[in-house]
Amino acid sequence: MRVVLVGFGVVGQSFARILLSRAADLYTQHGIKPRIVACVDQGGSAISPAGLDLQRLLKAKKKGSVGFYESDARQDPLQVIENVDAEVVIECTPTNLTTGEPGTSHIIAAMRKGRHVITVNKGPLALSFPSLIELANYNGVMFRFSGTVGGGTPILEFAKRCLKGDSIISFQGILNGTTNYILSKMEEGLSYESALQDAKEKGYAEANPALDIDGYDAAAKLVIMANWIMGMKVTMKNVDRTGISAVKASDVKKALQRGNAIKLIASCDSKHLQVRPTEVSKKDPICVNGTLNAVTFSSEHSGHQTIIGRGAGGIETASAVLRDLIEIRDTVFER
Ligand code: HSE
């Protein structure tokens, strides 16, 4: 299976590392032998129809760009998508929740070219979910984005597949690892500023951490879930959003005295989408700490179900990319 990797940041590199360490069992257990035939980042491209040497690719990136893989490597992402033959394009460029770019253009180009698309980029989905789904259907390609919500935790798949046949009435939970980490650390007595610094250093935060702090990241994930799980047609504009910057240490302390915690809760009840700091009982299963995410789905027949797991991190998110790739392989290609 030939794969073009667009963007080679934390998630892209983690994905390459997973392929390196799991090559043998991916083939024996899943019949899948992914070949990265091209990788492109802001500094250049690396292309090999036989499959790139991933160790060498990671070494090139350490020098600054995958463009160091070979001497003549100047194709930009759109040229690579256009010119390199592949079955799947994986889009891993950073999230931009204002324009959705460059991810949206990459995804559109790949779909028009008849490629199946996997993305971990929340921008294109948060801003243009309905039209991207329509484009994928029109071009007869699969479009998967498990890593956009919950990092490695299969929140989207849980709701979409495990609750098949039931009707989800509402859901609410913690969708942003960085703010949850900060609020948890504030509960332990750390200041807001040092907790944020810590989250940045640990690689949980977005390239622009305001996206986490001001609730945009959680809102984007809420939009993706509302579209995919609830069948709503909504974008970022439909979310009533408040971030955590006004949460004070004294608020956290007072909540704690009441046996509660302040969490950035995202909720959807099929009409309203909301992200806001909310006092939650410590006994509530969604009251998880650190970078964990947790979502409770309320469904018509099976009641409340909560899924909890790591919501951020390169290797976790890369594992979601791999799940999507295996699903495409299983659905589209004969084993
Ligand atoms: N910055 C995001 C978070 C990364 O903290 O949840 C995962 O989407």
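The values are calculated or read from the model by the stated rules, or taken from the named source; none is laboratory data. The structure displayed is predicted, hence computed values, not measured ones. Note that we place each Cβ from the backbone using ideal geometry, even for glycine, and neighbour counts take in every protein chain shown. Each accessible area value is taken on the protein alone, full model and side chains, heavy atoms only, with ligands, DNA and RNA left out. Shrake-Rupley method; radii C 1.70, N 1.55, O 1.52, S 1.80 Å.
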*Mean separation of Cα pairs under 8 Å and 6+ residues apart, divided by the residue count of the chain: what relative contact order is that in percent?*
19 percent
*asked:* Using a Förster radius of 56 Å, what is the FRET efficiency between residue 169 and residue 79 based on their Cβ-Cβ separation? Nearest 0.05, please.
replied: 0.75
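How high is the relative contact order of the range 155-310, in percent, counting Cα pairs under 8 Å that sit 6 or more residues apart?
This gives 34 percent for the range 155-310.
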*Enter the angle in degrees (range 0 to 90, nearest 10) between the Cα long axis of helix 10-30 and the first principal axis of the Cα atoms of the chain, meaning the one along which they spread out most.*
70 degrees
*In debye, nearest 20: dipole of the chain around its Cα centre with unit charges on the Cβ of K, R (+) and D, E (-)?*
340 debye
*asked:* List the trypsin sites (Lys or Arg not before Pro) within the range 60-116 that DSSP assigns to loop and that have no more than 12 neighbouring Cβ atoms inside 10 Å.
replied: 63, 74
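In Å², what does the accessible area per residue of the chain work out to with a 1.4 Å probe? Provide the component values of the computation, followed by the final result.
On the way: 14770 Å² over 335 residues.
About 44 Å² of surface per residue is accessible.
How would the range 155-310 be classified by its alpha-carbon gyration tensor: rounded, prolate or oblate, with rounded meaning a/c under 1.5 and the a/b versus b/c comparison settling the rest? List each step's numbers first, then the result.
Working: a/c = 1.97, a/b = 1.54, b/c = 1.28.
Prolate shape, in that a/c is at least 1.5 and a/b is the bigger ratio.
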*List, in the order given, every pair from 122/254; 200/237; 62/282; 221/283; 202/237 whose Cα-Cα distance in the structure shown is over 32 Å.*
122/254; 62/282
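Antiparallel DSSP bridges in the chain: what percent, to the nearest 5? Could the numbers behind the result be given before it?
Working: 30 of 48 bridges.
Counting DSSP beta bridges with both partners in the chain, the antiparallel share is about 60 percent.
Taking all protein chains in place and a 1.4 Å probe, what share, in percent, of the accessible surface of the chain do carbon and sulfur account for?
Details: 7260 of 14770 Å².
Of the solvent-accessible surface of the chain, carbon and sulfur hold 49 percent.
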_Using amide H atoms built in the peptide plane, which far-off residues or other-chain residues are under 5 Å from residue 144 H to H?_
117, 118, 119
*Round to the nearest 10 and give me the degree value, 0 to 90, for the angle of helix 314-332's Cα axis relative to the longest principal axis of the chain.*
60 degrees
*Would you mind computing the Rg to Rh ratio of the chain from its alpha-carbon coordinates, Kirkwood style for Rh?*
0.98
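Write out the trypsin sites (Lys or Arg not before Pro) in the range 121-175 meeting two conditions: DSSP loop, and at most 14 other Cβ atoms within 10 Å of their Cβ.
164
Rounded, prolate or oblate: pick one for the range 60-189, where a ≥ b ≥ c are the square roots of the eigenvalues of its C-alpha gyration tensor, a/c under 1.5 means rounded, and failing that, prolate if a/b is larger than b/c, else oblate. Could the numbers behind the result be given before it?
Numbers: a/c = 2.42, a/b = 1.30, b/c = 1.86.
Taking the square roots of the gyration eigenvalues as a ≥ b ≥ c, the range 60-189 is oblate.
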*To the nearest 10 degrees, how steeply does helix 103-112 sit against the main Cα axis of the chain, on a 0 to 90 scale?*
50 degrees
*For residue 272 and residue 112 in the same chain, what is the full-extension length gain: residue separation times 0.36 nm, less their Cα-Cα distance, in nm?*
54.2 nm
*Would you list, by chain and number, the lysines whose Cα falls below 17 Å from the Cα of residue 248, excluding same-chain residues fewer than 8 positions away?*
185, 263
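What is the calculated FRET efficiency for residue 256 to residue 298, with r their C-beta to C-beta distance and R₀ = 22 Å, to the nearest 0.05?
0.25
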